[in-house]
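A quick write-up on the structure given underneath.
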Amino acid sequence: MKAQDIGYSIFSGLLVASVFPPFQFEILAWIALVPLLWVLEGKKPHEAFMLGLVSGLVSFGIIIWWVKISMATYGGLPASLAWLITAVLALYLALYPALFAFFMVRIHAGGSVLTFLLAAPLWVSLELLRAYFMSGFPWALLGYSQYRNLHVIQIADLVGVYGVSFFIVFVNAAIWHFFRFPRKAPFALVIGVSLMAALVWGYGYLRLHEVPIETAGAARAVGIVQGNVDQSVKWSPKWRRGILEKMGKLTRELRGRFPKAESTVPPLIVWPEAAAPLVYQRHASERKYLRQIAKDANSYLLFGVLGRREVKQGPKLTNSAYLLGFDGEEIGRYDKMHLLPFGEYVPLAKLLFFVKKLVPVIGAFRPGERSEIFDAAKGKFGVLICFEVIFPRVVRRMRGAQFLVNITNDAWFGKTAASEQHLSMVAFRAVEFRMPIVRSANTGISALIDPTGAIRVRSPLFQEWIHADVISLKKDRPSTYARIGDIFVYVCAFISGVAVLLFRSRRSSRM
């Protein structure tokens, strides 16, 4: 393995990082893996693993550097420990491109054409593994890089974000094969890639015209409140009432922006995650005040707040969303099911016991046990709290809804690209499930996203912001992806597993 090989791997990692926010050179995704694939030729499996690891460390080191800010500046961890956790996380994520490179070399025993054909199934199989292993961290999957390329991402209603990743890697592998082995089936290769591109683009063009018609159900008035509450004072008891008064003032102002003749049904107004900085069951006067806000605004009010559940071990906190009716009465509650690692629970708690001692609130949360579909008169909706929205399997539990609401507090990210990265994943959920999404974030980015994935309106970061609008409720049956889930990528995983085992056995027999 030469220094030049390492240089190619680093270059590939830089290209991968460049396709995600804040850079967003998404067009480079179509060639980002070519340098890595190029240097794998002739390498031994352990050399390929190291080259993939270098590439992954470079890309993820750039993409998720903001984790340090979240943990140190806002999470209370010492800077050294925050940097260590960030480095370990980047190293963990880099294992996936390393495994990709390792298995690509093993598969290459079957010939270059077979290697080209198996690159995409192998890549998305590893993305699926990353989405499930140790509860999953499917951040910055390759397909998310195309969230602004609406024609390409429409296939997500069939095959999810993994299908978009598949297409990207397929094109990368085709370019690699064409230039690396120009005499091996060049015309068939060009025709095959052109046909797939035409099918993807054509389907996207068709769906961009069909979806607005198919999903145009009854209109529903919705409002978003972005309070821009400073994270440093958010949980201070002396600021609690002032924060609620601020949110109430913004809500009354927002209510005045809805045309009186728009609908006889009161609007749904959405506050962010933990917008009410209190434990709901413990503060009777604040509960009464929240109900009064809903009554004064004559609106359904959805807000994030800490809840409490009694369990055998004693009371446990929950990250919850409550819905109040326009009469101020409680309609329902949803507890976040998929908790945030190192924020709401500690992964490998016995091994990392010291983290909880440094920041006692970490690990104090209990996950919710079931999904909840709220009915706010002319509009059934599911709620996704923060981190949950990056997991399609969580959203699938709410496929009976007519629209989705995502509440989050991205203040933890600071003024980094993480908020935009988070938003890109929300856009994919809209396409996969063909539902509009109402997103309210404490400091941004709040947004309305159409079922095509188009971000209709979005807020600035770290500013107060309110918005009144109307969405069309989903009227048709669930999308194909909502019905079948990740069957496509499971098939890819099966094919990849068979190929790896087959060529391993061939290699062993030759030896």
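The values are calculated or read from the model by the stated rules, or taken from the named source; none is laboratory data. Small disclaimer: the values here were computed from a predicted structure and weren't measured. We place every Cβ from the backbone using ideal geometry, glycine too, and count neighbours over all the protein chains shown.
Ile471 falls short on exactly one of the conditions (1) surrounded by 24 or more Cβ atoms within 10 Å (Cβ to Cβ); (2) touching a helix residue (DSSP H, G or I) at 6+ places or on another chain (Cβ under 9 Å); (3) outside the structural domain of Leu141 (by TED's automatic domain parsing), and that condition is (2).
With respect to being part of a loop (DSSP other than H, G, I, E, B), surrounded by fewer than 24 Cβ atoms within 10 Å (Cβ to Cβ) and small (Gly, Ala, Ser), Gly61 falls outside the description. Kindly indicate which of Gly256, Gly248, Gly227 is assigned by TED's automatic domain parsing to the domain that holds Phe413, under 30 Å from Ile471 (Cβ atoms) and modelled with pLDDT under 95. Result of the check over Gly256, Gly248, Gly227: Gly256. Of Phe49, Phe60, Phe100, all but one fail to be assigned by TED's automatic domain parsing to the domain that holds His177, closer than 30 Å to Ile455 by Cα and modelled with pLDDT of 95 or more; the exception is Phe60.
Is it the case, given these coordinates, that Ile27 is in the same structural domain as Ala120 (by TED's automatic domain parsing), of a type outside the set (S, T, N, Q), touching a Phe, Trp or Tyr at 6+ places or on another chain (Cβ under 9 Å) and at negative phi?
Working: in the same structural domain as Ala120 (by TED's automatic domain parsing): yes; of a type outside the set (S, T, N, Q): yes; touching a Phe, Trp or Tyr at 6+ places or on another chain (Cβ under 9 Å): no; at negative phi: yes.
So Ile27 does not fit the description; no.
Within segment 285-332, restricting attention to residues that are among the charged types (D, E, K, R) and in a strand (DSSP E or B), which residue is farthest from Ala364 (Cα to Cα)?
First, the residues of segment 285-332 that are among the charged types (D, E, K, R): 286-288, 291, 295-296, 308-310, 312, 316, 327, 329-330.
Then drop every residue that is not in a strand (DSSP E or B), which leaves 308-310, 316, 330.
Working: Arg308: 11, Arg309: 11, Glu310: 13, Lys316: 6, Glu330: 25 Å.
Here the answer is Glu330.
Looking at segment 68-76, is at least one residue part of a helix (DSSP H, G or I), without any contact (Cβ under 8 Å) to a residue 12 or more places away in the chain and assigned by TED's automatic domain parsing to the domain that holds Leu117? Even if it seems obvious, please write down each step before you answer.
As a first pass, look at segment 68-76 and keep what is part of a helix (DSSP H, G or I): 68-74.
Next cut, without any contact (Cβ under 8 Å) to a residue 12 or more places away in the chain only: 72.
Within this subset, residues satisfying the condition of being assigned by TED's automatic domain parsing to the domain that holds Leu117 are 72.
Taking every residue of segment 68-76 in turn, at least one turns out to be part of a helix (DSSP H, G or I), without any contact (Cβ under 8 Å) to a residue 12 or more places away in the chain and assigned by TED's automatic domain parsing to the domain that holds Leu117.
Just checking, does segment 195-212 include any residue being at pLDDT 95 or above, farther than 30 Å from Leu339 by Cα and touching a Ser or Thr at 6+ places or on another chain (Cβ under 8 Å)? Yes, segment 195-212 contains a residue that is at pLDDT 95 or above, farther than 30 Å from Leu339 by Cα and touching a Ser or Thr at 6+ places or on another chain (Cβ under 8 Å).
Report yes if Glu273 is outside any strand (DSSP E or B) and under 30 Å from the mean Cα position of the chain (by Cα), otherwise no.
Values: outside any strand (DSSP E or B): yes; under 30 Å from the mean Cα position of the chain (by Cα): yes.
So Glu273 fits the description; yes.
Please enumerate the residues belonging to segment 473-497 that are of a type in the set (Gly, Ala, Ser) and in contact with a Pro (Cβ under 7 Å, 6 or more places away or on another chain). Within segment 473-497, Ser496 is the sole residue that qualifies. In the set (1) closer than 28 Å to Glu344 by Cβ; (2) free of Cβ contacts under 8 Å to residues at least 60 places away in the same chain; (3) not hydrophobic (A, V, I, L, M, F, W, C), Tyr300 fails one condition alone, (2). Of the residues making up segment 92-122, those that are touching a helix residue (DSSP H, G or I) at 6+ places or on another chain (Cβ under 6 Å) and among the β-branched types (Val, Ile, Thr) are Val105, Ile107, Thr115.
Taking interchain pairs and intrachain pairs at least six residues apart, which have beta carbon atoms under 6 angstrom, with the first residue in segment 120-131 and at pLDDT 95 or above and the second among the acidic types (Asp, Glu) and part of a helix (DSSP H, G or I)? That search, which allows pairs on different chains as well, returns nothing.
Just the residues that are within 15 Å of Leu129 (Cα to Cα) and within 21 Å of the chain's Cα centre (by Cα), please, taken from segment 84-106.
Residues of segment 84-106 within 15 Å of Leu129 (Cα to Cα): 92-100, 103.
Tyr92, Leu93, Ala94, Leu95, Tyr96, Pro97, listed by residue number.
Selection over segment 18-58 of residues that are in a loop (DSSP other than H, G, I, E, B), over 18 Å from Trp139 (Cα atoms) and free of Cβ contacts under 8 Å to residues at least 40 places away in the same chain gives a count of 1. The set of residues in segment 109-159 that are more than 12 Å from the chain's Cα centre (by Cα), part of a helix (DSSP H, G or I) and among the small types (Gly, Ala, Ser) comprises Ala109, Gly110, Ser112, Ala119, Ala120, Ser125, Ser135, Ala156. Of the residues making up segment 490-498, not a single one is within 23 Å of Phe303 (Cβ to Cβ) and in contact with a Ser or Thr (Cβ under 8 Å, 6 or more places away or on another chain).
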